[in-house]
Amino acid sequence: MTPAPPHTDVLVIGGGSAGCVIAGRASVDPDCAVTLVEAGPRGTGPGALGLLPVGPDSDLVWRYPAHLSDGGEEALLARGRVLGGSGEVNGGYFVRATADDFTRWPRSWSYDEVLPHFRRLESDPFGDRAWHGDSGPMPVTRTGEDELHPYSAAFVRAATAAGHEYRADLNEPDAAGVGPVPLNAWAGVRVSTATAYLVPHLGRPNLRVRTAARAVRLVLEGARVVGAEVEESGRVRVLRADTVVLCAGAVGTPHLLMHSGIGPAQQLSRTGLPVVLDRPGVGRDFEDHPEVTLAYRPVDAPPHSSGRAVLEVVLETDDLELRPYTAPFGEAIAGVDDPFGRIGVALMRPRSRGEIALRSADPTVPPLVRYRYLSDAADRAAMRAGLDLARGLLGASGFGVAVEHPAGAVGLGTSMHLAGSCAMGSPDDPAAVVDDRCRVIGVDGLWIADGSVMPSLPSRGPHATVVMVAERVARFVTGLDA
Ligand SMILES: Cc1cc2nc3c(=O)[nH]c(=O)nc-3n(C[C@H](O)[C@H](O)[C@H](O)COP(=O)(O)OP(=O)(O)OC[C@H]3O[C@@H](n4cnc5c(N)ncnc54)[C@H](O)[C@@H]3O)c2cc1C
């Protein structure tokens, strides 16, 4: 070990969507020394909205082995590994959880409670002012009706002709129907929380950001966290802190907790790890949205423009989300070989629950992500209904001819919305990992602010809601809110 660096007040582990919010907000107070450690690189700055740097050659992602369904094929799950995290490499879809989604969260996270934080995080000049903010760090834009890709426009016409309501603002609390996707983007460029919350404040003397710095395990003294062991350039040293906020993401956070002895005792012992605190909920019962894509041969496809969102409009109906992508994945993701057009059908309230499973006592060995998708008969029936709906809308919109036969024409995949692997709940509930202030139950000074804490996955993509949660946790950590 090398000599210890100075003490810090708040140590943020993981500089992704949530971590950049926590570090940016906590360092507003010049008397609060904040250190953020991020395993990935600084990155090259904001990327074009229509290109996702998550292909096989990308050095900006973690790749976790995954089983999408029991007995199914092995897959590799990508998550961002760069300042900005998954929000730095994602599709830019920024739709809020609905008011109904929050009825499944603790009462202190009702829609009335969370709305001010959704408003605080954004600058969205569109729509009813009751729902929107004017001066937050994240710009929210939508593709204008006259700028829509011809496929998006045709999909909207087909969906409204089939009786689905047109919703100009899918970030209204009860929004369902077809409409333009709110995007965390400006002028065709994705805006991550790194760009919005952190980079403008890197000059603050009380803020230190260390990239290529990976937390290996937490350091505990009794029931209190006092820092973390962090590996940089092959050397491990302890960063000491009064408060540690875990933001390593819904795979990274439970993995780090388990390697620190906090997790399901049986699994830790089986893997040869010491048990410091038996918390059965760590890594258990996460949710994600299974997606099956319907392939088609495009008709009159304009060339893909990198500044155009790959998903400009969606249809939200009956807990399904239909996604008419504007480009083949082969054109949006370097290194992916897929020439077909695709409509995605995602289950937005799936019944299946997954697990993050340790494979080794070595913290550098990534865990296995077991999804158990479509293990429930109701999920399979809902997916079949969604595919029928997608086939009908594809036929009516006329922008492609369905591909029925080649292997992979209809393929099970994931939306990459994994959340809820360290869920929020009552301290008496053994399945809960954090309380409703996102403090780890049983450990003083330790918080979680990322997608892990969601007690129930929103029926929309999670990014906007992850940023909202981090906004709120920043206020708990800094004492702005009790
Ligand atoms: C390819 C892709 C596309 C997606 N598209 C969308 C979309 O369009 N809309 C949407 O709503 N959602 C989308 N999502 C999901 C959304 O981006 C995530 O839910 C959200 O960004 C998660 O934020 P987070 O802070 O929980 O984790 P992340 O943003 O993943 O941040 C975790 C960070 O912690 C770092 N880290 C991990 N372990 C350690 C460690 N031990 N030490 C130090 N650092 C560590 C990681 O490198 C990473 O930077 C997508 C996800 C992916 C991967």
#### Entry: Cα centroid separation, the range 102-124 to the range 260-332 (Å)
23
### Task
First measure r as the distance between the Cβ atoms of R359 and T44, then evaluate 1/(1 + (r/R0)^6) with R0 = 35 Å and state the FRET efficiency to the nearest 0.05.
0.65
### Dipole magnitude (debye, nearest 20) for the range 8-478, charges at Cβ of Lys, Arg, Asp, Glu
940
### Message
Applying a 10 Å radius around every beta-carbon, put 423-433, 125-135 in order of their mean neighbour count, most first.
### Response
423-433, 125-135
### Query
What is the spin-label model distance, in nm, from A385 to E113 if the labels are put 7 Å beyond Cα along the C-beta direction?
3.1
### Query
Could you give the length gained on full extension between Q266 and D300, defined as 0.36 nm per residue of separation minus the Cα-Cα distance, in nm?
6.5 nm
#### Entry: Span-like helix ranges in the chain, DSSP H, alpha carbon extent 24 angstrom or more, Kyte mean at least 0.0
377-397
### Task
Would you please give the FRET efficiency between D100 and R475, computed as 1/(1 + (r/R0)^6) with r the Cβ-Cβ distance and R0 = 25 Å, to the nearest 0.05?
0.50
### Summary
Of 60-67, 22-29, 75-82, 381-388, ordering from highest average Cβ density within 10 Å down gives 22-29, 75-82, 60-67, 381-388
#### Entry: Dipole magnitude (debye, nearest 20) for the range 134-242, charges at Cβ of Lys, Arg, Asp, Glu
840
### Query
Based on Cβ point charges of +1 for Lys and Arg and -1 for Asp and Glu, what charge dipole magnitude is obtained for the range 346-482 about its Cα centre, in debye rounded to the nearest 20?
400
### Query
When the chain is fully extended, how far beyond the present Cα-Cα distance does R240 get from E165, taking 0.36 nm per residue of separation?
21.6 nm
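Residue separation times 0.36 nm, minus the C-alpha to C-alpha distance between E74 and L368: what's the value?
The span from E74 to L368 would gain 104.8 nm if fully extended.
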### Message
Order 290-301, 456-467 from most to least packed using the mean count of other Cβ atoms within 10 Å.
### Response
456-467, 290-301
### Task
Towards the positive end of the charge dipole of the range 77-205, with charges on Cβ (+1 Lys, Arg; -1 Asp, Glu), say which of M138, P125, S192 has the farthest Cα.
S192
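Only the coordinates and a few stated rules stand behind these numbers; no lab work does. This one's a predicted model, so the numbers in the text were calculated from it and none came from an experiment. Ideal geometry is used to build each Cβ from the backbone, glycine not excepted, and the neighbour counts take in all protein chains shown.
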